[in-house]
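Taking it in order: structure first as structure tokens, then the write-up.
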Amino acid sequence: MMRGYRPTPVSNSTLSFCGSDNSSAYKVDNGLLNNGCFLDALGVVPHVFLLFSTFPILFIGWGSQSSKVHIHHSTWLHFPGHNFRWLLTVVLLFVLVCEIAEGIVSDGFNQSRHLHLYMPAGLGMLAAITSIIYYHNIETSNFPKLLIALLIYWTLAFITKTIKFVKYDDHGIGLMQLRFCITGLLALLYGLLLGVEVNVVLRRRYMWFPCPTEVKPPDDLQDLGVRFLQPFVNLLSKSTYWWMNTFITSAHKRPIDLKTIGKLPISMRALTNFQRLRKAFDAQAEKGPVPLKGSRWIWLALRQAFGRPLVLSITFRFIADLLGFAGPLCISGIVHHISSDNHSALPPVKLLGVHFISSEAFLANAYVLAVLLFLALLLQRTFLQASYYVAIETGIKLRAALQTKIYNKIMRLCTSNMSMGDMTTAQICSLVARDTNHLMWFFFLCPNLCAMPVQIVMGVLLLYSLLGVSALIGATVILILAPLQYFVATRLSRAQKSTLEYTSERLKKTNELLRGIKLLKLYAWEHIFRSSVEETRRQELRNLRTFALYTSLSIFMNAAIPIAAVLTIFAVHVHVHSATDFDLSPAVAFGSLSLFHILVTPLFLLSSVLHSTVKALVSVQKLSEFLGSTEIEIDQDPAGQTAATEHNSNIKSVYALQLQAKLVNRKNKAKQDVNRNFEQQDQELTASANQDEDTCIKIVNGYFTWTEGCPTLINIDIKVPFGQLTMIVGQVGCGKSSLLLAALGEMQKISGNITWNSLPKSDSEENLRAQYLSGRQSLKTRGSVAYASQRPWLLNATVEENILFDMAPNEKRYKEVIEVCQLQPDLDTLPHGDQTVIGERGIILSGGQRQRISVARALYQQTNVVFLDDPFSALDIHLSDHLMHEGILKFLRQEKRTVVLVTHKLQYLPHADWIIAMRDGTVQTQGTLKDIQCAEPELFEQWRALMNRQDKENTTELKRKSFRRPMYSTDTLATEDEDEDSTTSTDEDSLRAELRHRTTIPWSSFATYLRSAGLLLLPLLVLSQLTKHTLMVAIDFWLAHWTSRVIAAQIGSAERNCTSTKDCEFSHSSYLQVFCGLCALGIVLCLITSLAVEWTGLRVSRELHCSLLRTIVLAPMRLFETTPLGNILNRFSADTNTIDQHIPVTLECLSRSTLLCVSAVGVISYVTPLFLIALLPLAVACYFIQKYFRVASRDLQQLEDSTEMPLLSHYSQTIEGLTTIRAFRHEQRFKKKLLEHTDANNISSLFLMAANRWLEVRMEYIGAFVVLIAAVTSISNALCSQLSAGLVGLGLTYALMVSNYLNWIVRNLADMEVQLGCVKRVSGLIHTQPESYDGLMTPAQVPAGWPKYGEIQIKNLSVRYDSSLKPVLRHVSAHIRPGQKVGICGRTGSGKSSFSLALFRMLDTIEGQIAIDGIDIAKLPLQTLRSKFSIILQDPILFSGTIRFNLDPERKATDQMLWEALEIAQLMPVVKALPGGLDAMVTEGGENFSQGQRQLFCLARAFVRKSSILIMDEATASIDMATESILQKVVMTAFADRTVVTIAHRVHTILGSDVVIVMKHGAILEYDEPDVLLEQKDSVFSAFVRADK
């Protein structure tokens, strides 16, 4: 107890319930109820009743019931008044603790122990705990009849406390006595709890009622798949996240995956929150016209949809902030009462035979203040974490709703926005990934924004009460420096934005480099593009340097401003208040120091909150612009259903589908819906069929455009007949594909009409059903169209899923489609057959395979209309013929489907029922072939000249077996050559989920990171951190010493009774000088430390990125063929961004938090060594908490990242395949998929957030125990051994610091562990073995002008892609003379492309050699060798930039040479028509040109180099036959004196060659002049030619 509180000694031997020092304690002359001890004893009765009545029930039913509850949480439900009961119980426990404390303090004034003062309260506390445990078990077992025990208990407790309160009032005990107030509060609480219990009886009708009310658990809890239980558990579990215990600990035993975390509760799902947001938008629309631009209407809708939980979060934050001020006040009170005897409290009053103390006397006890500080910390941390949880949960719901709304908008978006560059896929993905997150974090920081003014005002007022005017001066210093801090934050934001622009540009260039790496290596341009990326990286690093500077300044100001403010305040204080009541004492110093920690926090957060607010405003503006962008014309449903009705049905259908586990169930449900509605649909379809029975599609006087301005398609008048094959032909860029898209409604219609007619009456009922199922709703809307685009679009799914496209599996039909598309040989070579997961854009497949899967999808669908946009462009002649005859002419015609085919293969025109010829954006002519022959004889003759073949029916039948090598990775190797019997390596399942590494903290990666910092920065970083924190401790120690000397001087003056002011005055000057020096040195060290951390991070990021880029550029092609492009790109994007911006901040925060906590523990242990004993169990608890948390946090962070990638991929996939999705009418299916991805990502985020709250609650509770132990031990030490008050204040201030920073250590440790994974991945890629760029000859030794003649001598050559694979060329020997034109042909996988790649040393040579102009290419430097050749690949690759850059990145050619190459490639008219000519811009991937035009640009690129050897690898596959014929002649003319090697799908393109090489199984099968081979009727080449006629 405190000094002065126990005037008479207490005998330990005298111990009784009513005490032994008062003879009247047991007298009842005036009645039992007038005896104070009896009143206290009466209060014990209800508690004893409850304990004896409930313990048997608890112990008997505990085991079976608790196990049942944990297994089946569907029994968890809440009785009426659940939350109110828990709140009342918590308040009751707090009041009972106060009653116990008051009894103990009051007992200190007695000569003997009076157990009745605190023992009944102790039993009451035990009974209160028992009551809530009992209630919880009754509630979880849903057996309310047993609550009768609580009803009796609350009644008895209320009666006894009321009697006691009334008797106190009768004897004149009033508000001045604390026990009177406590008794009144207890009576009120027991009365309220009794009311809650009666409410349960009346609502549940479980007693005295014949028919009890049956209550079912929430729908979510009936589904055991819902494991996020935060909304459903009791209040204690909610506030402490107790329900997460099992989840966190189980993560240590097995990895956390989507199955582990289960499903989201219905209220948290994306669809539910999207509908809430949609209703808010609709409500805004009803108030008035919604503006197309401006963000105010979005803010109003967001407030209406998600404002209510945000108000709750703000309320929790206010309560937490107000409780936060209890810490400094209690510290000040404890230190003040230790530093001097306190006799200001009123003496106790003795009534009813016992002592009654006042509230002032109660709060004058240091131990009481310590307990109150502890309880205040517990409550403050609980409310703070509750505020965080509600705000983040609301933000996650908001993000999900916005992402769903954006996706719905995408489904209606006009594709011209993307194709014309107004809106890119990256911009939309940025809207989804970044801007929705900005709004989410704004909602999270909103409580801070609202609570800051309250915190600042309260903090300044309390400082003023402690320090007087000097507090205002210190606050002024902070306020003056706040604008500077805001300026730094603004500059930081600007630097980050500027850095982001360069980062985006670097990633764009890196992406192009990686996607075109094969071409760049073949042209020896990789160093040009690497230099371009490095230049952008240098600009990015300059901005990163600025970013690092402002970050370090921000860190410096956060650390230095409190030091400067404290220095200013104390310096002013000792001069202004040295002789007043505000004199500097330990209580004033350390109380104000603690207040400064609270006051500075909102000022530091102000810049972040304002920055977040600005980003949110910008994001909403961008969102507003996006939501107001152009949409396609949506067919209206004439049924006239209201939006609300339609929406409600959508919700029900989606939830019904989510509860079903199998596809069959969904299909059966759909069929039932059809059966109910089919009769009506049948009538509508039949009525419409009478109109234009022969015409499926009709466009009259149509003018269409992609953008505002000149129309792309002019005066379109076409018709497409039912059930027939319509072909659309024309030259490259004439508008064939645009015509298909116009018919699908994808282009903006300027004028004209598009009519889609229904099926004729003869169509089967099954087809009608299929069309209904595919999305057709009325006669005026078109049905589902099976559309195969020119650029194949594939899902990131299995081959089977890509073909089925959500249609019901039909094995017979599936096999037929696989056969007609010749996919079976390809499936046999894939690692898992048709169950192989193909990546986004089909990155593990060749162009031909992607094309055939796309066509197979169109064929498999049971739609009545099929659109095929140039499906033969990537196929060789055998596959083209088979697909045409078996797929289109046989399979589709048998089903009487309407087929529209865009093609360049004019040899198929005789098979067309209807032909539409396009020219320069208009219809040149249309009709049957005979009609066109009569109407347009010139055009017909032109076609006839190009048709070098007859019907295939009478030709020699070729053996159809394809020789394909196994597919072991990406598209570059997928067209290459390996024996069909080769085995596939096991690492090819790399597109599936990556295996997680559950190891300890990756210290090796941390060592790699620090090694990259260099020998100068690393020691500076370590020494500056240690020195800074040592100095911070020294400052506080000096302050403790200084203030203790002030107290000692005051006591000395009082003892001397000095009258002279000069003699009594204490000199602060020497102490202040030392304090100023230490503070100034501390500020300097803060600056050095912050700069050292950021500059270390900058140096590491520069070194790692530079090494990574050089390694990737020099890496062999095998790396790109076996590693998904997205994985490599992630090293340059996400991982590099983490290394650049996140690791330095985390490292600084981790080191600061750790050193602060170590300093705090050291200081507390120095002040009270006894603290170390109590610290041991807390340290053990901390160890296990962080051990379990780190594993769970790592898993959840990885899960959040892994679920975010499919979500963003789904957006990009949808945008790229938007035309296909809308053509198929599969919008609803993709929306449902989006909801699944969004919910998966959100539940990962919610569990991660809950895990963080779980950690912080526990660590802060441990911190509160540290404060309690430090306070109790310090007080005891001060009372027993005269410990100075300054050291007590110092210890308590540092104890509060522990509670603030303890959880940050674990959080930052977990973050650092995840972030070091980025270093590990980057480091692993850096160790890739590069290609051997050096040769035996130096570039200077290579003869000038080599190769001058172009002679190629191949001797016994065998090559392979990798040492682990079989050879793809075996013992090949050939001699190509200078200037010879060589044609290479063969089936897919025969080794054609490998032959050409061997010339560039792209493959590993096992034996043999290639000599060009007499020089062995193995001796040449790789850069020199590849720079001397030209090659044109099958897949056209263009880079963003000017046309000039695409043709000549080396800038060696003149304009005349470029125009000459464009003229050769038939592109001069196209380029001259563009604004800027050669300087016209090419968008990313060349998207602003057609596929054929991109291929022509690649041809022009090869012509610019004018090397003596040209390799054409199926270079004319995407070009119409007329243009191809012209090009063949031009090539033969332009390269008449040069060696040309042509690899061809169309054999007729190499008939004019000097020599033909026929390959099979990686060996040369035939090698001779074409005429000689044609004379040999049994030759393979002859058979190829006959098939190609």
Largest-first ranking of I528, I1173, I406 by accessible area, probe 1.4 Å, whole protein assembly kept, is I1173, I528, I406
Over all pairs of different Cα atoms in segment 1267-1379, the reciprocal of the mean inverse distance gives a Kirkwood radius in Å of 22.8 Å
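Report D for segment 1186-1334 in µm² per second (integer): Stokes-Einstein, Kirkwood Rh on Cα pairs, 20 °C, 1.002 mPa s.
On the way: Rh = 20.1 Å.
This corresponds to a translational diffusion coefficient of 107 µm²/s.
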Note: segment 1318-1361, point scatterers on Cα, Debye, no solvent; log10 I/I(0) at q = 0.28 Å⁻¹ equals -1.06
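Could you tell me which chymotrypsin sites (Phe, Trp or Tyr not before Pro) in segment 1389-1456 are loop residues by DSSP with no more than 13 other beta carbons within 10 angstrom of their beta carbon? Mind showing how you got there, number by number?
Values: sites: F1395, F1400, F1429, F1439, F1445; in loops: F1400, F1429, F1439.
Those that pass, being in a loop and sparsely packed, number zero.
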Stokes-Einstein, Kirkwood over Cα pairs, segment 488-605, 20 °C, 1.002 mPa s; D in µm²/s equals 116 µm²/s
Protection proxy (average C-beta count within 10 Å per residue), highest first, orders 249-260, 1006-1017, 1488-1499, 614-625 as 1488-1499, 614-625, 1006-1017, 249-260
Classified through the alpha carbon gyration tensor (a ≥ b ≥ c as square roots of its eigenvalues; rounded if a/c is under 1.5, else prolate when a/b is larger than b/c, else oblate), segment 1151-1190 comes out oblate
In whole percent, the fraction of accessible protein surface over segment 1227-1368 that belongs to carbon or sulfur atoms, probe radius 1.4 Å, stands at 56 percent
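Starting from the Cα gyration tensor of segment 421-507, take the square roots of the eigenvalues, sort them a ≥ b ≥ c, and report rounded, prolate or oblate (rounded when a/c is under 1.5, otherwise prolate if a/b is larger than b/c, else oblate).
Working: a/c = 6.24, a/b = 2.40, b/c = 2.60.
It comes out oblate by the Cα gyration axes.
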Ordering 814-824, 321-331 by per-residue average of other C-beta atoms within 10 angstrom, highest first, gives 321-331, 814-824
Taking only the alpha carbons of segment 1074-1211, the radius of gyration and the largest Cα-Cα distance, Dmax, both in angstrom, are 22.1, 67
Given unit charges at Cβ for Lys, Arg (+) and Asp, Glu (-), the dipole magnitude of segment 442-585 about its Cα centre in debye, nearest 20, is 1060 debye
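Percent of Cα-Cα pairs more than 15 Å apart in segment 827-897, please.
Details: 1445 of 2485 pairs.
Value for segment 827-897: 58 percent of Cα pairs lie more than 15 Å apart.
Would you please report the Å³ per residue occupied by the convex hull of the alpha carbon atoms in segment 1228-1282? Each step should come with its number before you reach the end.
Details: hull volume 2.1 nm³, N = 55.
Expressed per residue, the convex hull around the Cα atoms of segment 1228-1282 is 39 Å³.
Which percent of the accessible heavy-atom area of segment 185-284 goes to carbon and sulfur, probe 1.4 angstrom? It would help to have the intermediate numbers written out before the result.
On the way: 2940 of 4730 Å².
The C+S portion of the solvent-accessible surface of segment 185-284 is 62 percent.
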In vacuo Debye sum over C-alpha of segment 353-489, base-10 log of normalised intensity I(q)/I(0) at q = 0.13, 0.14, 0.15 Å⁻¹, listed in q order, is -0.89, -0.95, -1.00
Here segment 788-859 gives, from Cα atoms, an Rg and Dmax in Å of 10.8, 28
At 25 °C in a medium of viscosity 0.890 mPa s, segment 95-184 has a Stokes-Einstein diffusion coefficient, with Rh taken as the Kirkwood radius over alpha carbon pairs, in µm² per second, of 165 µm²/s
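Quote the convex hull volume per residue of segment 1438-1589, based on C-alpha atoms, as a whole number of Å³.
Working: hull volume 19.5 nm³, N = 152.
About 128 Å³ per residue, rounded to a whole number.
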Relative contact order in percent for segment 1224-1331 (Cα pairs under 8 Å, 6+ apart) equals 28 percent
What the Cα atoms of segment 135-249 span along the principal axes, largest first and in whole Å, is 62, 43, 16
By the Kirkwood definition, with r running over pairs of different Cα atoms, segment 859-940 has a hydrodynamic radius in Å of 13.9 Å
Scalar couplings 3J(HN,Hα) for segment 1176-1187 by Karplus 6.51 cos²θ - 1.76 cosθ + 1.60 (θ = phi - 60°), nearest whole Hz, x for Gly and Pro, are 4, x, 5, 5, 4, 4, 4, 4, 5, 4, 5, 4
Ranked output for segments 275-285, 735-745 by mean other Cβ atoms within 10 Å, highest leading, reads 735-745, 275-285
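Over segment 403-562, what number does the Rg to Rh ratio reach, with both radii from the alpha-carbon atoms and Rh per Kirkwood? Please list the in-between numbers first.
Values: Rg = 23.7 Å, Rh = 20.4 Å.
Radius of gyration over Kirkwood radius for segment 403-562 works out to 1.16.
The values are calculated or read from the model by the stated rules, or taken from the named source; none is laboratory data. Keep in mind the model is a prediction, meaning the values are calculated, not measured. In this analysis, Cβ positions are derived from the backbone assuming ideal geometry, glycine residues included, and neighbour counts consider all displayed protein chains. Note: areas computed on protein heavy atoms with side chains; ligands, DNA, RNA excluded. Shrake-Rupley method; radii C 1.70, N 1.55, O 1.52, S 1.80 Å.
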